[in-house]
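A quick write-up on the structure given underneath.
Each value in this text was obtained by applying a stated rule to the coordinates, not by laboratory testing. In this text, all values refer to a predicted model and were calculated from it rather than measured experimentally. We place every Cβ from the backbone using ideal geometry, glycine too, and count neighbours over all the protein chains shown.
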Amino acid sequence: MDAPVTASPHLPQTLTGQVVHQPTADAEWWRTAVIYQVYPRSFGDADGDGIGDLPGVTERLEHLARLGVDAVWLSPFYRSPQKDAGYDVADYRDVDPLFGTLADADALIARAHELGLRVVVDLVPNHTSDQHAWFRQALADGPGSAARARYMFREGAGEYGEEPPNNWQSVFGGSAWTRVSERPDAPGSSWERDGQWYLHLFDSSQPDLNWDHPEVHEEFCSILRFWLDRGVDGFRVDVAHGLVKAAGLPDWAGHVRMVEGTDVEEGLAAAEDEVLAPDASDDVETGRSPMFDQDGVHEIYREWRAVLDEYDGDRILVAEAWVEPLERLALYVRPDEMHQAFNFNFLVTRWSPAELRESITGSYAANDAVGAPTTWVLSNHDVVRHASRLGLAETGKGPNGIGAEDTQPDAELGLRRARAASLLMLGLAGSAYVYQGEELGLPEHTTLDDSLRQDPAWWRTGHAEKGRDGCRVPLPWRSDAPGLGFSPTGRTWLPQPESWAALAPDVQEQQEDSTLSLYRRALALRAEHRLGAGAMDLVTAGEDVVAVRNTGEERPAVVVMANLGTEPVALPEGHEVLVASGPLAGGALPTDTTVWLRAQA
Ligand code: NOJ
């Protein structure tokens, strides 16, 4: 029996809308691209050690070509002690043996290009690993040395310098400063009695670079060229808002959270509590922290943009910057800076129609003002997967990890909403990011044994935060193979949830209504209708519905409708259904379901 259909007085048969986005005439690939994030240690393993590697990615690139994405972004695969899963780089010009060799990177890039996929690599410029040659030299050469000037070393506060230089907190928890003499490698070394401190906005194994130093600028321009010469199509820039700190490093008592950024209210409260250096007075008005989103970062991106512009083929820079409000983020994508910035505002928006409408409208307004494409993203390697996040009582960014003793997400609700959210996202003009496994509807691993956790946030918060391991579990490929086909030996560096066997691609390929089939269909339609390049109206369709119309030249308009209410809503007449995130109930759009409609000629 069909569910009752709400006769919606709010849903006119002739949909009226308000223009929220007009595309520019520019047609570069990145303005409309769907970019798939590969997290190399968990995508596919070729050598059998249970940790993914570059040959394991290359072997599986056809899955991505078949899926219909335009580009692949690879999280770091450089030489690294892996204290923060590769976001602690010891050598920016080499591949870590865990992941393969430089020849493997070349082969991956070549194969991707053969398949028509662009390749974006990760660049980590805010900090290096403490095993980087520069930091080793800085430790050995001691206070006042030229090598120390490339990092943020300072004398401590207090009578004997026994206090950290300021009160900044690491994003991963605990102080953002470590005293050189207290490093685990200090005993018996030449820095055993060295009283200086160094800044690390993340783990103590990730010392922050000093971006006031010309050698740091030269080095990163050279690293960009190294990878551009090898044929990469762009860079995702890690912590792009962090490189420059407020002069004088003024105290600031707020706490910055990854992806979500600084809570502006909290930032304001923190600023009022502090005696700020005169040149940081801006923070009192904006709530911005002195370690993030300082105006000086933009000069760096202008410098890098000039390097990229020397190369042919539309190479790109993508900012990972947890910056609010959207207008502030848009400054990173002005015409002479980066090409794109991740839209975390959309990711952290709650499953609320009004808030989603506001995020969509605000995102277009801010990016259109600077001529940049708006990006859309729902998951990545730093947040609880959206198939689980949207099944929690409190949607939005969600907690930093979920453990077995925590309230568990409603898996069915989460998946239904995740499919609806993804179909909404893929119908929006601009560029979209897909995190590996979301095309399979993978939930977070929410019952991982604590003894297996590796995220530094788990340790640094004294286990208050579970951390990000649950979204980084090795992917399933074959339902009947050991380790679900992740590796030839069946080994996986983290165990996979049992429920994942039924979600492996070999199973989903056989099912017309699977999440994989939904993504393939949506991506094919998105390409066919050039939805990425469309103009957008926000359509009036009732309080509970997020509805947009995507129009383009020489094609019928596509209406994207997501019902977030508790009752089904009637579909407008005169439209044919292109794709839906779940079954439609007799001409109506059920709760937590999205549909794409095409106006009938
Ligand atoms: C953001 C990355 O996405 C995250 O995984 C990493 O831990 C931090 N930056 C520090 O590099």
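Excluding residue 192 itself, what net charge comes from residues whose Cβ is under 11 Å from its Cβ, given Lys and Arg +1 and Asp and Glu -1?
Values: positive: 183, 193; negative: 182, 185, 194.
Once all neighbours under 11 Å are counted, the net charge is -1.
If amide hydrogens are placed 1.01 Å from N in the peptide plane, which non-local residues have theirs closer than 5 Å to the one on residue 392?
410
So which GluC sites (Glu not before Pro) in the stretch 117-197 pass both tests, a DSSP loop state and at most 15 other Cβ atoms within 10 Å of the Cβ? Mind dumping the intermediate values first?
On the way: sites: 155, 159, 162, 182, 192; in loops: 155, 159, 162, 192.
Those satisfying the criteria are 155, 159, 162, 192.
Using Cα-Cα distances under 8 Å and only pairs 6 or more residues apart, what relative contact order does the chain have, in percent?
Values: 1360 pairs, mean separation 98.8, N = 601.
Reported as a whole number, the value is 16 percent.
Where in the stretch 201-219 is the amide nitrogen less than 17 Å from a point lying 7 Å along the Cα-to-Cβ axis of residue 299?
209-219
Restricting attention to the stretch 541-601, which GluC sites (Glu not before Pro) occupy a DSSP loop and are surrounded by at most 14 other Cβ atoms within 10 Å? Kindly include the intermediate steps, with their values, before the conclusion.
Details: sites: 543, 553, 554, 573, 576; in loops: 543, 553, 554, 573.
Qualifying residues, ordered by number: 543, 553, 554, 573.
How large is the helix-only mean residue ellipticity at 222 nm for the chain, computed as the sum of -39500 (n - 2.57) over DSSP H runs with n ≥ 4, divided by its residue count, in deg cm²/dmol to the nearest 500? Write down the numbers at each step before the final one.
Working: 16 runs with 148 residues, N = 601.
So the helix-based figure for the chain works out to -7000 deg cm²/dmol.
Just to confirm the number: angle between the C-alpha axis of helix 353-368 and the first principal axis of the chain, 0 to 90 degrees, nearest 10?
Computed tilt is about 60 degrees.
Full-extension gain between residue 110 and residue 350, please, as 0.36 nm times their residue separation minus the C-alpha to C-alpha distance. Please list the in-between numbers first.
On the way: separation 240, 0.36 × 240 = 86.40 nm, distance 3.99 nm.
Roughly 82.4 nm would be gained on extension.
What full-extension length gain, to one decimal in nm, is calculated for residue 255 and residue 212 as 0.36 nm per residue of separation minus the Cα-Cα distance?
Taking 0.36 nm per residue and subtracting the Cα distance, the gain is 13.0 nm.
Grab the other residues whose beta carbon is less than 11 angstrom from that of residue 55, score K and R as +1, D and E as -1, and report the net. Don't skip to the end; give the middle numbers.
Values: positive: 60, 111; negative: 45, 47, 53, 59, 104.
After counting each charged neighbour, the total is -3.
So what are the ³J(HN,Hα) numbers for the stretch 410-427, from phi and the Karplus equation (6.51, -1.76, 1.60; θ = phi - 60°), rounded to whole Hz, Gly and Pro as x?
Going residue by residue, I get 7, 5, 5, 4, x, 5, 4, 5, 4, 5, 5, 5, 5, 5, 5, 4, 6, x Hz, with x marking Gly and Pro.
In the stretch 208-262, with Lys and Arg counted as +1 and Asp and Glu as -1 at Cβ, which of these residues, 246, 259, 232, has the Cα nearest the positive end of the dipole, that is, farthest along it?
The residue sitting farthest along the positive end of the dipole is 259.
Compute the FRET efficiency between residue 311 and residue 136 as 1/(1 + (r/R0)^6), taking r as their Cβ-Cβ distance and R0 = 30 Å, and round to the nearest 0.05. Kindly include the intermediate steps, with their values, before the conclusion.
Details: r = 32 Å, r/R0 = 1.07.
That gives a FRET efficiency of 0.40.
Angle between the Cα long axis of helix 515-528 and the longest principal axis of the chain, 0 to 90 degrees, nearest 10?
Rounded to the nearest ten degrees, it is 80.
Could you list the residues of the stretch 464-492 with an amide nitrogen less than 17 Å from a label point located 7 Å from the Cα of residue 501 in the Cα-to-C-beta direction?
Of the residues in the stretch 464-492, 475-487, 490-492 have backbone N under 17 Å from the label point off residue 501.
Return the loop-located trypsin sites (Lys or Arg not before Pro) in the stretch 148-194 (DSSP other than H, G, I, E, B) with at most 15 other Cβ atoms within 10 Å of their own Cβ; answer none if there are none. Each step should come with its number before you reach the end.
Details: sites: 148, 150, 154, 179, 193; in loops: 193.
Passing sites in the stretch 148-194 are 193.
Hey, rough spin-label estimate for residue 599 and residue 145, points 7 angstrom out along Cα→Cβ, what's it come to in nanometres?
Result for the modelled spin labels: 7.0 nm.
Within the stretch 397-432, which residues have the backbone N less than 14 Å from the label spot 7 Å out from residue 463 along Cα→beta-carbon, could you tell me?
403-406
For the stretch 221-238, what does the Karplus curve 6.51 cos²θ - 1.76 cosθ + 1.60, with θ = phi - 60°, yield as ³J(HN,Hα) per residue in whole Hz, taken in order and with x for Gly and Pro?
Listing the rounded values in order: 5, 5, 5, 4, 5, 4, 7, 4, 5, 7, x, 6, 9, x, 9, 9, 9, 5 Hz.
Under a 5 Å amide H to amide H cut-off, with H placed in plane at 1.01 Å, what residues pair with residue 478 once short-range neighbours are removed?
Residues meeting the criterion, in which the H sits 1.01 Å from N, are 485, 486.
What distance in nm separates the two pseudo spin-label positions at residue 513 and residue 186, each 7 Å out from Cα along the beta-carbon direction?
6.2
Quick one: what are the phi-derived ³J(HN,Hα) couplings along the stretch 470-479, Karplus 6.51/-1.76/1.60 with θ = phi - 60°, whole Hz, x for glycine and proline?
For the stretch 470-479, the Karplus curve yields x, 9, 10, 6, x, 5, x, 10, 9, 5 Hz.
Run through the DSSP bridge list for the chain and note the antiparallel percent, rounded to the nearest 5.
Numbers: 41 of 67 bridges.
DSSP beta bridges in the chain are roughly 60 percent antiparallel.
Amide H to amide H, which residues 5 or more places from residue 91 or on other chains are under 5 Å from it, using H placed in the peptide plane?
Long-range HN contacts for residue 91: 79.
Output the peptides 438-445, 390-397, 310-317, 544-551 sorted from most to least packed, where packing is the average of other Cβ atoms within 10 Å over each peptide's residues.
438-445, 544-551, 390-397, 310-317
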